[in-house]
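Read the structure below first, then the notes.
The values are calculated or read from the model by the stated rules, or taken from the named source; none is laboratory data. Keep in mind that this is a model prediction, so the values were computed, not measured. Note that we place each Cβ from the backbone using ideal geometry, even for glycine, and neighbour counts take in every protein chain shown. These accessible areas exclude ligands, DNA and RNA; they are computed on the full protein's heavy atoms, side chains included. Shrake-Rupley method; radii C 1.70, N 1.55, O 1.52, S 1.80 Å.
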Amino acid sequence: MKELSLNILDIAMNSVKAKADTVSITLTETDETFTMSISDNGCGMKKDFLETVTDPFSTTRTTRKVGMGIPFLKLAAEQTGGNFEITSKHESEYPNAHGTVTSAVFNKGNIDFTPLGDIVSTVTTLIQGSPDIHWVFSHTTPKGEVSLDTNELKEVLGDVPLDNTEVILWIKGYLEEAYSETE
């Protein structure tokens, strides 16, 4: 993918499909590295599937026989000299503590480092598409932090749904302003 924000969108949508009600997206940047971690409390993956999830011919999709999101993310991280890790606990084995954590570390100085891209649109798209999920977003950079927790927004908004157009526009504006303060 041309932007890491699209990888984040892909993995977070996997969390939605896994019936997660909480998804955390944590981005941590130093001058040298970019680390992304997406964790959820969805149904998780069974051990046999987890062992093959980085294979492009391993997918849960029924519309096609390939799944490229995770293999491409792994490749992108490793091409920069970074690393990739995915852990998962399936609900059948861990009924009270199931879910998946996907993490990748990139070396920013490497010529193959993929830019983050439009993370504001990614976050707003996720919230608008799945407003009932508890989304926790945090991006820490050397110049500051941008964060958003939809449960905090729900407390303030009361009965106003997160996918309301005015709310989505506010979220987008809030994130854009927060990012402008970290540049």
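Summed over the range 30-46, the residues that are surrounded by fewer than 22 Cβ atoms within 10 Å (Cβ to Cβ), in a strand (DSSP E or B) and among the β-branched types (V, I, T) give a count of 2. In the range 112-130, is there at least one residue being more than 20 Å from the chain's Cα centre (by Cα) and within 23 Å of L6 (Cβ to Cβ)? Yes: one or more hits.
Taken over the range 75-86, the criterion of being in a helix (DSSP H, G or I) and crowded, with 17+ Cβ neighbours inside 10 Å is satisfied by A76, A77. Taken together, the criteria place I70 among residues that are under 29 Å from V120 (Cβ atoms), at pLDDT 85 or above and part of a helix (DSSP H, G or I). So which residues in the range 1-23 are open to solvent by 30 Å² or more (accessible area, probe 1.4 Å) and outside any loop (DSSP other than H, G, I, E, B), if there are any at all? Of everything in the range 1-23, those that are open to solvent by 30 Å² or more (accessible area, probe 1.4 Å) and outside any loop (DSSP other than H, G, I, E, B) turn out to be L6, L9, D10, M13, N14, V16, K17, T22.
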